[in-house]
Protein chains: 2
Amino acid sequence: MKFMKIPAATITRLSIYSRALEGLINEGAPVVSSKRLAELCGVNPAQIRKDLAYFGQFGVRGVGYYVKELLFDIKKILGLNKEWSLAIVGMGNLGCALMAHENFLKQGYRFVAAFDADPMKIGLKLANGMPINAVSDLPRLCRETGAEIGVICTPAAVAQEIANRFVEAAIKGILNFAPTQIQAPKGCKVENVDFSVKLDNLAYHLTSA
Amino acid sequence: MKFMKIPAATITRLSIYSRALEGLINEGAPVVSSKRLAELCGVNPAQIRKDLAYFGQFGVRGVGYYVKELLFDIKKILGLNKEWSLAIVGMGNLGCALMAHENFLKQGYRFVAAFDADPMKIGLKLANGMPINAVSDLPRLCRETGAEIGVICTPAAVAQEIANRFVEAAIKGILNFAPTQIQAPKGCKVENVDFSVKLDNLAYHLTSA
């Protein structure tokens, strides 16, 4: 599996499948047909089979997928059979919203350190009791807390500088909310979140409807 | 064009191409090769040609794409040759962060009305001077302001109720940040934003690296 190039879209869909499977577990469904799972995820059943085929044999012909089993397997594929530690920089509205987000901890992501450049904020405690630290303490605190993923919620102008600090602190994955492209060295993966791409999708549908 | 089924992924990629083209315009580049544009967008050149082929003939063989022209055409395809009016419900941290987001207005999305259920917030003015309105005024204010897209930043438990109100107010597109699946009638398009899907991508890369 480590030697095969898996399309990025497959990984994104696995994540979406896992959300649907969690919903099915909440509903108490032990088994799901590939047709039903496909409907829930907005894809076609062949796509699900193709995505899963990269990783082995899943499901039973004529039955479908065992919900808990498939969720367990997908979480293992995605590396979600452990908890991930997050460090976050930029405790403005967005940063605070992310830390309070209902789903993160449920999905296995725990914030372990928070930073801001504003001297007025440094030393304050967040709603969960975590202190806001100075950015100068980032390398040390990332090491001490075992942070693995860096989250950037700063203005665009300083996002690259923060990314550089994360890289210095041996962070290998960055989730960037700042509206700018970040350059990272090979070995550090950056995912950009751009809300307006979703709005463009809506605009297209409203226009072509 | 209106009769052909365009893959959702194509629309998302067009949006990503437009961001890259905007970057190229800022750099002063008049022309871009499909190879370079593909690199900037993390796809292969054949994908760009395939996506654009749904909508006509673009680019010049041996030259590439004229940056401004292609951006103009993509914006027209996406329906971004006009400004879109947004109504937002839930003025917590996330709602306030979205209203202040640098990119939305630049991309042609303008917030025209804001709502919250909290009596302590209703009547307060946001940083941009816009008042926070009661949710009971949603249908009337959506009509009066000409809101076209509804943005939901409420807790999961009330998201469906807010979606229903948007639908009653003839809103045809909903951007949902609440961590729950929303049901909307045919004719109303819902886009869900789930940050944790991006985190799953990072987790996968950190695990399989």
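The values are calculated or read from the model by the stated rules, or taken from the named source; none is laboratory data. It should be emphasised that the depicted structure is a prediction, and the values quoted were computed from it without experimental measurement. Backbone-built Cβ (ideal geometry, glycine too); neighbour counts: all protein chains shown. Just so you know, the surface numbers come from the protein's heavy atoms only, side chains and all, with ligands and any DNA or RNA stripped out. Shrake-Rupley method; radii C 1.70, N 1.55, O 1.52, S 1.80 Å.
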Legend entry - Pick from region A:159-192, criterion open to solvent by less than 20 Å² (accessible area, probe 1.4 Å) and facing chain B (nearest Cβ under 7 Å), ranking: nearest to A:W84 (Cα to Cα): A:G173
Inset, instruction - Tally the residues that are part of a helix (DSSP H, G or I) and closer than 17 Å to B:G23 by Cα, restricting the search to region A:164-194. - result: 0
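Given A:P119, A:P139, which one is farther than 30 Å from B:D73 by Cα, in a helix (DSSP H, G or I) and not assigned by TED's automatic domain parsing to the domain that holds A:L71? Break it down stepwise before answering.
Details: A:P119 fails: in a helix (DSSP H, G or I).
Answer to the check: A:P139.
Mind counting the residues in region B:71-106 that are hydrophobic (A, V, I, L, M, F, W, C) and more than 20 Å from B:A134 (Cα to Cα)? Break it down stepwise before answering.
The initial filter retains those residues of region B:71-106 that are hydrophobic (A, V, I, L, M, F, W, C), namely B:71-72, B:74, B:77-78, B:80, B:84, B:86-89, B:91, B:94, B:96-100, B:104-105.
If we keep only those that are more than 20 Å from B:A134 (Cα to Cα) as well, we get B:71-72, B:74, B:77-78, B:80, B:84, B:100, B:104-105.
Looking only at that region, the number is 10.
Mind counting the residues in region A:1-31 that are in a helix (DSSP H, G or I) and either loosely packed, with under 10 Cβ neighbours inside 10 Å or among the hydrophobic types (A, V, I, L, M, F, W, C) (or both)?
Of the residues in that region, 11 qualify.
So that you can scan it fast, the table gives a plain yes or no per residue for (1) free of Cβ contacts under 8 Å to residues at least 12 places away in the same chain; (2) crowded, with 22+ Cβ neighbours inside 10 Å:
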position	(1), (2)
A:R36	no, no
A:E39	yes, no
A:R49	no, no
A:F55	no, no
A:Y65	no, yes
A:E69	yes, no
A:N81	yes, no
A:V89	no, yes
A:G95	no, yes
Inset, instruction - Just one of (1) over 30 Å from A:V158 (Cβ atoms); (2) assigned by TED's automatic domain parsing to the domain that holds A:L175 trips up A:G90, so point out which. - result: (1)
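Can you spot a residue in region A:143-150 that is in a strand (DSSP E or B), more than 9 Å from chain B (Cβ to nearest Cβ), in contact (Cβ under 8 Å) with a residue 60 or more places away in the chain and open to solvent by less than 50 Å² (accessible area, probe 1.4 Å)?
Filtering region A:143-150 for residues in a strand (DSSP E or B) gives A:149-150.
Restricting the remaining residues to those that are more than 9 Å from chain B (Cβ to nearest Cβ) gives A:150.
So of that shortlist, the ones also in contact (Cβ under 8 Å) with a residue 60 or more places away in the chain come out as A:150.
Next, only the ones that are open to solvent by less than 50 Å² (accessible area, probe 1.4 Å) stay: A:150.
Within region A:143-150, one or more residues are in a strand (DSSP E or B), more than 9 Å from chain B (Cβ to nearest Cβ), in contact (Cβ under 8 Å) with a residue 60 or more places away in the chain and open to solvent by less than 50 Å² (accessible area, probe 1.4 Å).
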